[in-house]
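Shown next, in structure tokens, is the structure this report addresses.
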Amino acid sequence: MKPAQPNQSLIDGLACLQALAALGQPVGSRELGRMLGLEPTRVNRLLKTLAFVGLAQQDGNRKYLPGPGIHALAAQSLRGSGLIRRALGPLESLFDLDLQVAMGVLWGDQVCYLYLHSPGESAAEGIAQSSLYPAAWSGLGQALLADLADDDIRSLYADGRHLVAPTGPSVTLEGDSGLLAQLAQVRKQGYAVPQTLEGEGVRTLGVTLDSDQAAIGLAGRFTDRRIPTILHRLQAAARTIDTITA
């Protein structure tokens, strides 16, 4: 819910910080301003402030990239929440299903995957290796979006930017097959299972955790007949994560 008097400088500063963390390469203030739709002079001031507190740094070309403070903040937040530590064992218990195993949180209208393990990888390889993903096409994303009120979802997708798929058909917000209708079905059945952007037949089945604002899921090609088995295992893992003490 939007506060009565949001601090726009804080909002813009966090947008710059998130963009630096997600880009994976140095960026100048003008380029970042164009990406975020902000004035370059404002972005420059924000980046200099982030660099001053150690959350950003400049390379030899005076471009910006994440600073050491980002790593400290990430480590402290993961330790503080305890989510990764509590979730690793239950998530590893799903590896025998030969599907991708995921855990993520909602960031705006996208999902940030804290864990994404593919069959054949070691358990450690699944930690924080994935970038942001449009929530409308994610089982985890839809499960998390379903916890929001419809008016909040309308505000989230006011510009419609992340309802347009990079590949394949886009989705509308309203209508019988729109995102709001899909989320109503998610609330009714207690899980989400949309087709993803990876190709025909690739789906993610996602459920939310009760103790954290996060979701876990299983992704791959599976038939409707297999859904009850996958759902049972996934819900059992979620309950285990919820009951493990920090």
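The values are calculated or read from the model by the stated rules, or taken from the named source; none is laboratory data. Quick caveat, the model's predicted, so the values are computed rather than measured. Please note: Cβ atoms are built from the backbone with ideal geometry, for glycine as well, and neighbour counts cover all protein chains shown. Quick note on the areas: whole protein, heavy atoms, side chains included, nothing else; ligands and nucleic acids left out. Shrake-Rupley method; radii C 1.70, N 1.55, O 1.52, S 1.80 Å.
Table for the structure above
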quantity: Qualifying residue in segment 149-158 (condition: aromatic (Phe, Trp, Tyr), surrounded by 12 or more Cβ atoms within 10 Å (Cβ to Cβ) and either more than 22 Å from Gly220 (Cα to Cα) or at pLDDT below 90 (or both)); calculated: yes
quantity: Which listed residue, of Leu14, Leu65, is touching a helix residue (DSSP H, G or I) at 6+ places or on another chain (Cβ under 7 Å), of a type in the set (A, V, I, L, M) and modelled with pLDDT of 90 or more; calculated: Leu65
quantity: Tally, over segment 198-235, of residues that are in contact with a helix residue (DSSP H, G or I) (Cβ under 8 Å, 6 or more places away or on another chain), open to solvent by 20 Å² or more (accessible area, probe 1.4 Å) and either assigned to a loop (DSSP other than H, G, I, E, B) or closer than 14 Å to Leu94 by Cα (or both); calculated: 5
quantity: Output for segment 98-127, where each listed residue is over 15 Å from Gly206 (Cα atoms) and either surrounded by 22 or more Cβ atoms within 10 Å (Cβ to Cβ) or touching a residue at least 40 places away in the same chain (Cβ under 8 Å) (or both); calculated: Asp98, Trp107, Gly108, Asp109, Gly126, Ile127
quantity: Close pairs from segment 84-97: first in a helix (DSSP H, G or I), partner open to solvent by less than 50 Å² (accessible area, probe 1.4 Å), Cβ under 6 Å, at least 6 apart; calculated: Arg86/Ile241; Ala87/Met103; Ala87/Ile241; Pro90/Ala237; Pro90/Ile241; Leu91/Val101; Glu92/Ala123
quantity: Of all residues making up segment 236-246, the number that are in a helix (DSSP H, G or I) and open to solvent by less than 90 Å² (accessible area, probe 1.4 Å); calculated: 6
